[in-house]
Amino acid sequence: MPAIGRRVPRREGPEKLTGRAQYLDDVAIPSCLTGVTLRSTIPYGAIRAVTFDPAFPWADFVVVTARDVPYNRVALIADDQPLLADTRVMHQMEPIALVAHRDRDQAYEALKHITVVYGPEAPVLTVDDALAATTKLFGDDNVFKDIRIERGDVDGGLAAADLVMEGEYHLPHQEHAYIENNAIAAWVDPDGTLVVTGSMQCPYYVHKALKGLFGLADRRIRVIQTATGGGFGGKEEYPNVIAGHAALLARKAGRPVKIVYDRHEDMLATTKRHPARVRHRTGVRRDGTLVAQDIDIVMDGGAYVTLSPVVLSRGALHATGPYSCPNVRLRARAVATNTPPNGAFRGFGAPQTLFAAELHMEKIAATLGIDAVELRRKNLVRKGSVLATGQVLRESIGARPVLDICVKRSDYRRTRRAHDRHNRDARQTTWKGIGLAVVHHGSGFTGRGEVMLASRASVVLGRDGTITALAASTEIGQGTTTMLAQITADALGVPVDWVDVEVPDTWKVPNSGPTVASRTCMVVGGLLQRAAVRLRDQLIELVGAVPTTRAAFVRAAQRLCGDRSAVRADEDYRKPPEVTWDEDAYHGDAYAVYSYGAAAVDLEIDRATFEVTVRKVTTAHDVGKAINPLLVEGQIIGGLVQGLGYALLEHVVYRDGVMRNAELTNYVIPTSLDVPPFDVVLVERPYSRGPWGAKGVGELPMDIPAPAVAAAIFHATGSLISKLPILPETIRAADLARS
């Protein structure tokens, strides 16, 4: 029976459900020490001295400072971030020293006996201060990346428009709140191989960082993923830091070292979603047709570059929304501030800019007196539409279908009229509203990113008939292992339970790229599909058909292998010939294809407390092809819940450049009690170059809830609130301002 399109159960599900899954903190490593981190307490300034209490028994401890680091930089886009601060600190919670001891409590006790003397300087804590550049943190202008996109004649379009609508939108930090904190262990094998294992999304990122840190050859470093309790981007680049710390301690100690952050440290020290300020100036005709878009984006990158340039890039490329407009001018900047670095987070910049784009459409519709759904319909992209970069959309364009399905299944117009009647009744104790958003999200790396990654995946057929899919894509809760097994099985023509998927281990799997950017299914799955087809063709040539019984398959495998223990089919990424991109001009096909999603959010607001209750979410997603509908629906619901948290609950409080509510008691995330009923519809507009037509889905659901919630609150109260999160006190203040 074919596996594609079936709700095949998650392979790792039973172990996780029963508690048998071994996360790093569960793994007993003989003779292992616990590593801990001494962190800075000021946002910006010089390190005058680091002193160690002479009365403390330091001989029992392993201590690492900047002088012990061979190459004191974290390898990523720009090598600007030190593993350990040496002469100055750029943000609070920056690591300065590492300590290891066999007893965890003693390791933390040692931190109390280290004194750092600072020379504090005035920090840069806001994007406005960064752009003023009175203090230079990065280059001449504190700008990590500056992107400009222009199409058509924007000034002429604005001048000819019947209405020019301006708006400013503010998006906050967001904490990943993965279920398992960051955790890494390291040791040196007897042959000198450095082994690092733990919770991560991108083993080959860690491998590259360790290579640069120690100057070791590829085979002298081995990186292995353990069971990982969520990532959402927070374990994309940050494990480069914690892995470097664990490895430095392990090499100096001559023993294994495990570093496991507690929740408080994880929330304080690791990356967050980039805060953003987005300004729109949009020209439209009286009938709602878009004429010109002038957009300015500023994102707060924090103290170091990390992944800010590519987060900014994706944000900029989605900033127009899924709409066609002949004249577009866009400027996007990521700037440096003295706050902990921001990095990858599900959606990767798009949730910030799509919130602004969609809420701005609500503002335009209200000003023109046009139905917001019809305004979107009029301007949505379709086949042949040209985006701001000059990209022509050729296929798999589900923007209109997902919108229409949401409108119909949510009974949007009738519900809206019913809520209007309810809200006019002064006896009611609540306001009710329904709001809608429609978004797009590019699948895979931006521009020439996939070419630069040069990903490879492989399928191995053993003499004993074992079939193993080899890829660096990690299982972090999204169902990767199950989905890749389904693709490999159907491409080879065998039952899915005949296929194993190797644990990501850089000694065993090729570099198929990072588990990010909604690329795992479409890109890596596509590589495995082609590799498996090559093996299938070899079997057919040898024995006439792929055997359907296990015994016959083993005999065929033995014949194919001959004297070898296994045969292996490798497949390398090949750029579709129709995809072209000019990185310097920022022109061409930013993504090979886009996925599309829409959601209608039905909510009510208590008139006394201003508390919001989401009553129902109706959503439709064009994913090309649902390889496993169960997993796709899970990704959609999970992303929507995370987006609802971003919209309504998750309030990161920063003071003096550091998070002040770094506990789950006062940083509120959605729980099962906050999850509303979901009506999820999968729309399949196949992409010709995806496996069975599949596109990306992991990030798309994160883009939709916030603007839909804001639109629903606008409908309920008449207040268009342009800053997240929309807390009860925010709604109350807006209500008082209106009255």
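Tabulated results
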| item | result |
| --- | --- |
| Qualifying residue in region 381-389 (condition: closer than 25 Å to Leu648 by Cβ and not small (Gly, Ala, Ser)) | no |
| Candidate set: region 333-363, residues that are under 17 Å from Tyr178 (Cβ atoms) and touching a Leu at 6+ places or on another chain (Cβ under 6 Å); chosen: the one surrounded by the fewest Cβ atoms within 10 Å (Cβ to Cβ) | Gly343 |
| Residues (buried (at least 19 other Cβ atoms within 10 Å of the Cβ), in contact with a strand residue (DSSP E or B) (Cβ under 8 Å, 6 or more places away or on another chain) and aliphatic (A, V, I, L, M)) located in region 45-88 | Ile47, Val62, Val64, Leu83, Leu84, Ala85 |
| Qualifying residue in region 534-548 (condition: assigned to a strand (DSSP E or B), in the same structural domain as Val509 (by TED's automatic domain parsing) and either buried (at least 22 other Cβ atoms within 10 Å of the Cβ) or touching a strand residue (DSSP E or B) at 6+ places or on another chain (Cβ under 8 Å) (or both)) | no |
| Residue that is in contact with a helix residue (DSSP H, G or I) (Cβ under 7 Å, 6 or more places away or on another chain), assigned by TED's automatic domain parsing to the domain that holds Arg314 and crowded, with 24+ Cβ neighbours inside 10 Å, where the choices are Gly718, Gly696 | Gly696 |
| Any chance Leu560 is surrounded by fewer than 22 Cβ atoms within 10 Å (Cβ to Cβ), part of a helix (DSSP H, G or I) and either touching a residue at least 60 places away in the same chain (Cβ under 8 Å) or over 41 Å from the mean Cα position of the chain (by Cα) (or both) | yes |
| So His173, is it buried (at least 18 other Cβ atoms within 10 Å of the Cβ), in a loop (DSSP other than H, G, I, E, B) and in contact (Cβ under 8 Å) with a residue 12 or more places away in the chain | yes |
| Inter-residue pairs, beta-carbon under 6 Å, first among the charged types (D, E, K, R) and in region 118-137, second surrounded by 12 or more Cβ atoms within 10 Å (Cβ to Cβ) and in a loop (DSSP other than H, G, I, E, B), 6+ apart | Glu121/Tyr44 |
| Region 465-488, residues that are part of a helix (DSSP H, G or I) and either touching a strand residue (DSSP E or B) at 6+ places or on another chain (Cβ under 7 Å) or of a type in the set (Gly, Ala, Ser) (or both) | Thr481, Leu484, Ala485, Thr488 |
| Strands (runs of 3 or more DSSP E) wholly inside region 269-346 containing at least 2 residues that are touching a residue at least 24 places away in the same chain (Cβ under 8 Å), of a type in the set (Gly, Ala, Ser) and in contact with a His (Cβ under 7 Å, 6 or more places away or on another chain) | 290-302 |
| Test: Glu450 is at negative phi, acidic (Asp, Glu) and either surrounded by fewer than 22 Cβ atoms within 10 Å (Cβ to Cβ) or part of a helix (DSSP H, G or I) (or both) | yes |
| Any hit, region 704-721, residues being over 20 Å from Pro576 (Cα atoms), under 22 Å from the mean Cα position of the chain (by Cα) and either hydroxyl-bearing (Ser, Thr, Tyr) or in a loop (DSSP other than H, G, I, E, B) (or both) | yes |
| Single condition Thr282 does not satisfy, out of (1) within 30 Å of Gly229 (Cβ to Cβ); (2) in the same structural domain as Val402 (by TED's automatic domain parsing); (3) among the hydroxyl-bearing types (Ser, Thr, Tyr) | (1) |
| Every residue from region 672-703 that is assigned to a helix (DSSP H, G or I) and out of contact with any strand residue (DSSP E or B) (no Cβ under 8 Å at 6 or more places or on another chain) | Ser672, Leu673, Pro691, Trp692, Gly693, Met702 |
| Qualifying residue in region 418-435 (condition: surrounded by 22 or more Cβ atoms within 10 Å (Cβ to Cβ), β-branched (Val, Ile, Thr) and not in a strand (DSSP E or B)) | no |
| Odd one out for Thr618, checked against (1) among the polar types (S, T, N, Q); (2) out of contact with any strand residue (DSSP E or B) (no Cβ under 7 Å at 6 or more places or on another chain); (3) in a strand (DSSP E or B) | (2) |
| Residue match in region 186-203 (condition: touching a Ser or Thr at 6+ places or on another chain (Cβ under 7 Å) and of a type in the set (A, V, I, L, M)) | yes |
| Test result for Val195, within 23 Å of the chain's Cα centre (by Cα), under 26 Å from Val63 (Cβ atoms), modelled with pLDDT of 95 or more and not in a loop (DSSP other than H, G, I, E, B) | no |
| Filter result (buried (at least 20 other Cβ atoms within 10 Å of the Cβ) and charged (D, E, K, R)) within region 453-466 | Arg456 |
| Among (1) assigned to a strand (DSSP E or B); (2) crowded, with 24+ Cβ neighbours inside 10 Å; (3) touching a Lys or Arg at 6+ places or on another chain (Cβ under 6 Å) - the single one Gly233 does not satisfy | (1) |
| Neighbours by Cβ (under 9 Å, 6+ apart or cross-chain): first from region 375-402, crowded, with 23+ Cβ neighbours inside 10 Å and in a strand (DSSP E or B); second modelled with pLDDT under 95 and of a type in the set (Gly, Ala, Ser) | none |
| Residue count, region 489-507 (criterion: in a loop (DSSP other than H, G, I, E, B) and among the aromatic types (Phe, Trp, Tyr)) | 1 |
| The listed residue being modelled with pLDDT of 95 or more, closer than 30 Å to Arg329 by Cβ and of a type outside the set (Lys, Arg), out of His173, His101 | His173 |
| Ala356 vs. criteria part of a helix (DSSP H, G or I), under 25 Å from Gln642 (Cα atoms), small (Gly, Ala, Ser) and out of contact with any Ser or Thr (no Cβ under 7 Å at 6 or more places or on another chain) | yes |
| Residue that is within 13 Å of Ile42 (Cα to Cα) and assigned to a loop (DSSP other than H, G, I, E, B), where the choices are Pro123, Pro82 | Pro123 |
| Among the residues listed as Ala209, Ala185, Ala246, the single one being in a helix (DSSP H, G or I) and either touching a helix residue (DSSP H, G or I) at 6+ places or on another chain (Cβ under 7 Å) or surrounded by fewer than 19 Cβ atoms within 10 Å (Cβ to Cβ) (or both) | Ala209 |
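The values are calculated or read from the model by the stated rules, or taken from the named source; none is laboratory data. Given the structure is predicted, the values throughout are model-derived calculations rather than measurements. Neighbour counts run over all protein chains shown; Cβ positions are idealised from the backbone, glycine included.
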